[in-house]
Every structure is written in structure tokens, then in C-alpha cells.
Ligand code: HEC
């Protein structure tokens, strides 16, 4: 896989363009002096030579400075290798993919109150009260760390009944982001909470629904 070549086409102010003007001025100067019948002394010639040299130095200096500031070397082929990009020879564009922050980290700043608001999306199917009855979905009081598909008296789909494991933060995060993807065949007709913050908040709320 190739990394993108970082090229900057720097159009330097072309000092060569100014050179003809400098020469025109010098020619004029010499011509005027000749017309006036004055001989140019070596001091004046030195000044002219100095001016030309100075122009040249500035030109070279600017050019090198440009090279130093904007490297036009092809990029190191091992640099900026973006994991997972398989297209051969395609320009590597760092995608603005959502940075996945672990749920444990998000939970540190999660809000139970905000989670309770998010839960309004669930109340048509779920009961959050202590000892609450099952509705379309199983009762959710004390769901955190309970076995998956284990609420008494609820008729689960095979997807959840045979899932195994417990509803820890990771599992809830995965399920609530996209229920149908996490548990293929689930009866939970809910699109999912796309925002990680919403999931963290509701998990914090669910976590508060237990004997203190
Ligand atoms: C349209 C109804 C509906 C909505 C809305 C809904 N659920 Fe569910 N939920 C269900 C059903 C039905 C199940 C059982 C799924 C199965 O058996 O596959 C379920 C299962 C669950 C489970 C697994 C429980 C267990 O005992 O294993 C959790 C956790 C859950 N839902 C959380 C939520 C949360 C949180 C929300 C809101 C963000 C939500 N659900 C929104 C219907 C819904």
C-alpha cells in the first residue's frame, strides 16, 4: 500500500521577472551618465555589481528557504499508513470516522437524569419500576448484570433466549446501539440509539435501577 505523496506546489515570487527591470535601470543609468559625459567610477560599478549580487543572493535564498519550508520529497512509503484501507494506489484520505470511545469511559461523565429522559423512548414497551410487570418487552428494573434473556415470565425470541452472557455495560452498549445487529432475530422493534452519549446516559440510568 502506498501512502499519499505530500506535495506542495509552491509558486515562489519569481524574482527573475524583476531582473530585466534591474538591467534596464542599469543601462539607463549608464546611458545617462555617458550622455552627461561623466565617467563611471569604480565605486559606482561596485554598487551596480553589488546590487546584482544581492539580487541573486536574495533569489537563491528565497528558493532554498522555500525548499526548507515546503519539502517536495515524496512521502516515506511507510508513513501515514491508515489501517484497514486496502485500495491499492488510491489516495489515502484519513476518514473522519467516529472515534469509538469505550463505554466505560463515557460512563464516567454520564448522567442518570439525562438517561431517564432517553428512557422515554423505551417506556412504551418497557417497565422501569421496581417489581414492574413485563410489557411488550421485559421489565428492566435491575437489568444491569442480569443474565441475558432471563426476566421471569417473559417470552423471549431465540435470539435473546439462546444468547448467553450477562447485560454488562459492553453488552448493553452493543445491543442498544443496534438491537437487530447485536442480536440477529430479536423481537425488540427498536432502531437503536446512535449517539454514544445517549447510550452512556441510559446505561447509567439502568445501572441506578437496583437495590442500593
Ligand atoms: C417497540 C418496543 C420496544 C422498545 C421501544 C424498546 N424495547 Fe427493549 N425490548 C423489546 C422486546 C420485545 C424485547 C425482547 C426481545 C427479544 O426477546 O428478542 C426487548 C428486550 C430488551 C432488553 C433485553 C432484556 C433482557 O431481559 O434480556 C433490553 C436491555 C432492552 N430491551 C432495553 C431497551 C431500552 C433501553 C430501550 C429504549 C432505549 C428499549 N429496549 C426499547 C421491546 C422494545
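Of note:
- D (Stokes-Einstein, µm²/s), Kirkwood Cα radius, the stretch 104-207, 0.692 mPa s at 37 °C: 240 µm²/s
- Placing dummy labels 7 Å off each Cα toward the beta-carbon, the span from residue 134 to residue 62 is 8.1 nm.
- Distance between the stretch 121-140 and the stretch 191-212 - C-alpha centres, whole angstrom: 14 Å
- Ordering 109, 151 by the number of other Cβ atoms within 10 Å of each residue's own Cβ, fewest first, gives 109, 151.
- P(r) histogram, all alpha-carbon pairs of the stretch 153-212 included - 5 Å bins from 0, percent: 4, 18, 25, 24, 19, 8, 1
- Ranking of 168, 41 by neighbouring Cβ atoms within 10 Å, starting from the fewest: 41, 168.
- Working from label points 7 Å from Cα in the Cα-to-Cβ sense, the residue 146 to residue 41 distance is 10.6 nm.
- When 208, 124 are sorted by how many other C-beta atoms sit within 10 angstrom of their C-beta, beginning with the fewest, the order is 124, 208.
- Whole-Å semi-axes of the ellipsoid equivalent to the stretch 95-158 (Cα gyration tensor, √5λ, descending): 27, 15, 12
- Here the calculated FRET efficiency for residue 154 and residue 178, from their Cβ-Cβ distance with R0 = 25 Å, stands at 0.70, rounded to the nearest 0.05.
Read the figures in this text as sums done on the coordinates, not as results from a lab. These figures come from a predicted structure and were not determined experimentally. Every residue, glycine as well, gets a Cβ built from its backbone with ideal geometry; the counts of neighbours run over all protein chains shown.
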